[in-house]
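Below is one structure, written out as structure tokens, with a few remarks after it.
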């Protein structure tokens, strides 16, 4: 059994989305989960049928925002990455329990 996980954590950026967050979310995290996907592919002897069934999940967390990224290889040889909708953690206690549970996932 193989277990992999990846997450990037950034600090609070008062100006909104900063350069550090973009680098982590759009460069570092995809490279990490692609490496994990290739490692899993090697463990299944690069069997294209099995590779098509594999999904690797990564998280990019910056202060009170979280984005989930999912990478797979639906054709067996080209990687596809999908960034899910950003989730925000409320800053006020009275809104914390009202956090929406309508978010649906594709996996």
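Rule-based calculations on the coordinates, nothing more; no lab input. Since we're looking at a predicted model, the values are computed, not measured. Every residue, glycine as well, gets a Cβ built from its backbone with ideal geometry; the counts of neighbours run over all protein chains shown.
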Quiz prompt | Footprinting exposure proxy for 59, 11 (fewest neighbouring C-beta atoms within 10 Å first) | solution = 11, 59
Quiz item: If the viscosity is 0.692 mPa s and the temperature 37 °C, what translational diffusion coefficient in µm²/s does Stokes-Einstein give for region 6-96 when Rh comes from Kirkwood over Cα pairs?
Solution: 229 µm²/s
Self-check item: Rough spin-label spacing in nm, given labels placed 7 Å along Cα→Cβ, for residue 94 and residue 39
Solution: 4.7 nm
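Give me the percent of DSSP beta bridges within region 6-96 that run antiparallel, rounded to the nearest 5.
Working: 14 of 19 bridges.
Given both bridge residues lie in region 6-96, the antiparallel proportion sits at roughly 75 percent.
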Quiz item: Spin-label point model (7 Å from Cα, Cβ direction): what's the residue 80 to residue 64 distance in nm?
Solution: 3.5 nm
Self-check item: Potential extension, residue 9-residue 28 segment - 0.36 nm per residue separation minus Cα distance
Solution: 5.7 nm
Quiz item: When the Kirkwood radius is taken over all Cα pairs of region 48-99, what Stokes-Einstein diffusion coefficient follows at 37 °C and 0.692 mPa s, in µm²/s?
Solution: 254 µm²/s
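Report the FRET efficiency, 1/(1 + (r/R0)^6), for residue 87 and residue 47, where r is their Cβ-Cβ distance and R0 is 41 Å, rounded to 0.05.
Details: r = 34 Å, r/R0 = 0.84.
It comes out at approximately 0.75.
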